[in-house]
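Asks: Here's a structure for you.
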Amino acid sequence: TFRLNLSVTTPYNADFDGDEMNLHVPQSMTARADAEQIMMVPRNIVTPQSNRNVMGIVQDALLGVCRITKRDVYIEKDVMMNSVLWLGREWDGTLPTPAIVKPRPLWTGKQLVSMVLPDINYKGKSKSHPRDGTIFNHTDSEVLIHSGMLMSGIVDKNIVGTSAGSIVHVCWLSKGWEETRAFMNQ
């Protein structure tokens, strides 16, 4: 038995219904170098076949990021501290200023997601974006990320999924596979 991150199930066609997978152990130094450099999963986030990402945020992580980036989601200090505990080495140890200071400090979900986002600029539309061309958008469906800060929008499957032009794809193209791997793990 071996574990997989849920984000890598699509390229492996793994669906957890009892399928068998084979694990090959490289025998020579050349085969080991090939496995480490060419076949490493983070290096294959974007497929050269169609230049789009084959991995994205899925299932529980997708549901969580979608719910936490809604407009009226606020996080209390104990939950915020517990969340940043999982950020690891990439976190510099500073919390953003709370969106609401009194009567108790509250952070927005967008502030928490901004701590995980890579330093990219991005503009996209969520699945809930109206198709009729209206200018006023009450659904908060236009996602704007400026220098790694989520300014507006609800992050959903269109934004962090496997579609071309998602945050995962933009991060892989502009920052490389290492930072994209770190973003997806967080």
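Asks: For residues that are open to solvent by 80 Å² or more (accessible area, probe 1.4 Å) and touching a Gly at 6+ places or on another chain (Cβ under 9 Å), tally how many sit in the stretch 74-83.
Replies: 1
Asks: Also, I was wondering about something else. Within the stretch 144-176, track down each residue that is within 11 Å of the chain's Cα centre (by Cα) and not β-branched (Val, Ile, Thr).
Replies: Asp156, Lys157, Gly161, Ser166, His169, Cys171
Asks: So which residues in the stretch 1-60 are open to solvent by 70 Å² or more (accessible area, probe 1.4 Å), closer than 18 Å to Ser166 by Cα and in a loop (DSSP other than H, G, I, E, B), if there are any at all?
Replies: Correct list: Pro48, Gln49, Asn51.
Asks: Mind checking which residues of the stretch 103-117 are touching a Phe, Trp or Tyr at 6+ places or on another chain (Cβ under 8 Å) and closer than 15 Å to Asn185 by Cα?
Replies: Correct list: Met115, Val116, Leu117.
Asks: Taking Leu6 and the conditions (1) closer than 30 Å to Pro96 by Cα; (2) modelled with pLDDT of 85 or more, which numbered condition does it fall short on, given that it satisfies the others?
Replies: Going through the list (1) closer than 30 Å to Pro96 by Cα; (2) modelled with pLDDT of 85 or more, Leu6 breaks only (2).
Table: residues versus (1) of a type outside the set (A, V, I, L, M); (2) touching a Gly at 6+ places or on another chain (Cβ under 9 Å); (3) farther than 25 Å from Thr10 by Cβ.
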site: Leu85; (1), (2), (3): no, no, yes
site: Val113; (1), (2), (3): no, no, no
site: Arg131; (1), (2), (3): yes, no, yes
site: Asp140; (1), (2), (3): yes, yes, yes
site: Met151; (1), (2), (3): no, no, yes
site: Lys157; (1), (2), (3): yes, yes, no
site: Val168; (1), (2), (3): no, yes, no
site: Gly176; (1), (2), (3): yes, no, no
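Asks: Another question about this same structure. Enumerate the pairs (first residue in the stretch 35-52 and among the hydroxyl-bearing types (Ser, Thr, Tyr); second residue anywhere and assigned to a helix (DSSP H, G or I)) with beta-carbon separation below 8 Å, excluding pairs fewer than 6 apart on the same chain, so at least 6 apart or on different chains.
Replies: Close Cβ pairs satisfying both conditions: Thr47/Pro11.
Asks: Oh, and also: Does Leu63 meet the test of being open to solvent by 60 Å² or more (accessible area, probe 1.4 Å), out of contact with any helix residue (DSSP H, G or I) (no Cβ under 6 Å at 6 or more places or on another chain), part of a helix (DSSP H, G or I) and within 24 Å of Asp156 (Cα to Cα)?
Replies: Criteria met by Leu63.
Asks: Does the stretch 17-33 include one or more residues that are on the phi > 0 side of the Ramachandran plot and either touching a Gly at 6+ places or on another chain (Cβ under 7 Å) or aromatic (Phe, Trp, Tyr) (or both)?
Replies: Our first condition is that a residue be on the phi > 0 side of the Ramachandran plot; within the stretch 17-33, this holds for 18.
When the remaining residues are screened for being either touching a Gly at 6+ places or on another chain (Cβ under 7 Å) or aromatic (Phe, Trp, Tyr) (or both), the result is none.
No - not one qualifying residue is present in the stretch 17-33.
Asks: Does Pro26 fit the bill of being closer than 23 Å to Glu179 by Cα and not polar (S, T, N, Q)?
Replies: No; evaluated as a whole, the condition is false for this residue.
The values are calculated or read from the model by the stated rules, or taken from the named source; none is laboratory data. Predicted, not measured: the structure shown is a model, and the values here were computed from it. Here the Cβ is made from the backbone with ideal geometry for all residues, glycine too, and neighbour counts use every protein chain on show. Side chains are part of the model used for accessible areas, which takes the heavy atoms of the whole protein and leaves out ligands, DNA and RNA. Shrake-Rupley method; radii C 1.70, N 1.55, O 1.52, S 1.80 Å.
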